[in-house]
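Asker: Sharing a structure, written as structure tokens. Questions coming.
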Amino acid sequence: MNINSNYKYGVYNKSSEKFVAGNYEEYKNDIKSSAFQFSLYSVYKPGNYYLGIYFPYRTSFVISKMKSMIAFSAILLIGLITSHIFVIYIILRQKKISEIKNDFLNNLTHEFKTPIATTSLAAEMLVKENINTMPLKVEKYANVILYENNRLQSQVEQILQIASFEKGTFRFKYDKVDLHQLINNVIVSFELIIEKSKAVINTNLDAKECKINTDIGHLTNVIYNLLDNAIKYSPKIPEVLIETKNTKKGIIISVKDKGIGIAKQYHKDVFKNLFRIPMGNIQEVRGFGLGLYYSKYVVESLGGTIGLHSEVGKGTTFEIFLPIKRIKKI
Ligand SMILES: Nc1ncnc2c1ncn2[C@@H]1O[C@H](COP(=O)(O)OP(=O)(O)OP(=O)(O)O)[C@@H](O)[C@H]1O
Ligand SMILES: [Mg+2]
């Protein structure tokens, strides 16, 4: 091996410890204790002479020779640690996704079980022999079936729509729509539930310009979701106020309730897919956590915005802004 590191050497008598040759200077002790010792007995028999060699820069020489190896090992180590962290991150993310999917499936089963049981019970009543003599009951059971079926249909549709906008195949169909008529139609579709919950729905539809170029089906679903939430999350008798007003650039629709309210920390989260505020011991309200995620997507794709004001225990107002002219087509 070609070693070109500086070295000190000395020829010394081991018995008297005297140096007789070399460039030993202040390195006498180092040379004597160095690992490189050669007896000079074969050259000079009478004396007990030794040649000692000492490398003062041995450590830094070795390190400098290994520099590239150390750097390579460090890079390899950093690479290994990074890939480990990345793998752990992917595993945790997959675990979270699988937990969310499991929750969703559990929720789906639970959510669909009730309407299926209710409709089959109502249908069972309708096939009873003497039901023809009770027209009011026929109407009641038929309405139950109709209501539960519509709700199931809209939920399935919403799940499919979300899947389609996550795949990028979601499309709007634009038409001139009278927003006030759309709101009134949504309220009519809640007739049964309003009757059941004794909800009071008031409207202040003040917008002078209420005809907008929009997708009637999706906007209906959005208003439906907000009204559904306003009623669902009002444990006593729901009191809802729906208002519209024009601004310079468009129209504002607000849906205000006096329900349980939403704590500030959840104001952003409620628009996330499958997010539901943990209810703790309070009686669980049925739902998937899809409604607001879907609504935000639709409103923003229509060029609008959606936001909320809320105070826990006092109520919540959801506010949608839709532009009247500027519409982002997707
Ligand atoms: N008006 C409201 N008052 C209080 N909490 C609300 C209100 N609207 C929404 N939330 C909270 O935000 C969460 C998300 O609402 P979202 O409408 O997306 O889902 P959901 O109502 O749980 O289910 P669904 O998919 O059937 O709509 C709800 O679970 C609820 O905790
Ligand atoms: Mg909802």
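The values are calculated or read from the model by the stated rules, or taken from the named source; none is laboratory data. Computed from a predicted model, the values in this text were never measured in an experiment. We place every Cβ from the backbone using ideal geometry, glycine too, and count neighbours over all the protein chains shown.
Asker: Which fully enclosed strands (runs of 3 or more DSSP E) of region 172-232 have 1 or more residues being touching a residue at least 60 places away in the same chain (Cβ under 8 Å) and away from ligand 1 (no atom under 15 Å from the Cβ)? So that I can check it myself, show each step before the final result.
Answerer: Numbers: elements: 175-178, 200-205, 211-214.
Result: 211-214.
Asker: A further question on this structure: Residue check: is Thr305 more than 13 Å from ligand 2 (Cβ to nearest atom), among the polar types (S, T, N, Q), over 24 Å from Ile194 (Cβ atoms) and touching a helix residue (DSSP H, G or I) at 6+ places or on another chain (Cβ under 8 Å)? Steps first, please.
Answerer: Values: more than 13 Å from ligand 2 (Cβ to nearest atom): yes; among the polar types (S, T, N, Q): yes; over 24 Å from Ile194 (Cβ atoms): yes; touching a helix residue (DSSP H, G or I) at 6+ places or on another chain (Cβ under 8 Å): yes.
So Thr305 fits the description; yes.
Asker: Determine which single condition Thr316 fails, assuming it passes every other condition in (1) of a type in the set (Ser, Thr, Tyr); (2) more than 15 Å from Val222 (Cα to Cα); (3) more than 11 Å from ligand 1 (Cβ to nearest atom).
Answerer: Here Thr316 clears every test but (3).
Asker: Quick check on my filter: what residues within region 1-38 are of a type in the set (A, V, I, L, M), under 26 Å from Ser64 (Cα atoms) and free of Cβ contacts under 8 Å to residues at least 24 places away in the same chain?
Answerer: Of the residues in region 1-38, the ones of a type in the set (A, V, I, L, M) are 1, 3, 11, 20-21, 31, 35.
Of the ones still in play, those that are also under 26 Å from Ser64 (Cα atoms) are 1, 3, 31, 35.
Selection gives Met1, Ile31, Ala35.
Asker: Looking at (1) more than 34 Å from the chain's Cα centre (by Cα); (2) closer than 27 Å to Glu239 by Cα, which is the only condition Ala142 fails?
Answerer: (2)
Asker: What's the total number of residues in region 248-272 that are modelled with pLDDT under 95 and closer than 22 Å to Ile324 by Cα?
Answerer: Residues in region 248-272 being modelled with pLDDT under 95 and closer than 22 Å to Ile324 by Cα: 3 in total.
So that you can scan it fast, the table gives a plain yes or no per residue for (1) under 19 Å from Val285 (Cα atoms); (2) modelled with pLDDT under 90; (3) surrounded by 10 or more Cβ atoms within 10 Å (Cβ to Cβ):
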| site | (1), (2), (3) |
| --- | --- |
| Lys65 | no, yes, yes |
| Leu76 | no, no, yes |
| Ser83 | no, no, yes |
| Ile90 | no, no, yes |
| Arg93 | no, no, yes |
| Ile97 | no, yes, yes |
| Lys101 | no, yes, yes |
| Thr109 | yes, yes, no |
| Phe112 | yes, yes, yes |
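Asker: Which residue is farthest from Leu152 (Cα to Cα), if the candidates are limited to region 243-293 and must be β-branched (Val, Ile, Thr) and away from ligand 1 (no atom under 13 Å from the Cβ)?
Answerer: Thr247
Asker: Scan region 259-276 and tell me whether some residue there is away from ligand 2 (no atom under 16 Å from the Cβ), under 24 Å from Arg151 (Cα atoms) and more than 26 Å from the chain's Cα centre (by Cα). Spell out how you get there, then give the answer.
Answerer: Here is the first cut: in region 259-276, the residues away from ligand 2 (no atom under 16 Å from the Cβ) are 263-265, 268.
Filter again for under 24 Å from Arg151 (Cα atoms), leaving none.
No, that holds for no residue.
Asker: Kindly check whether there is at least one residue in region 141-156 that is part of a helix (DSSP H, G or I), surrounded by 16 or more Cβ atoms within 10 Å (Cβ to Cβ), assigned by TED's automatic domain parsing to the domain that holds Leu290 and modelled with pLDDT under 85.
Answerer: No - not one qualifying residue is present in region 141-156.
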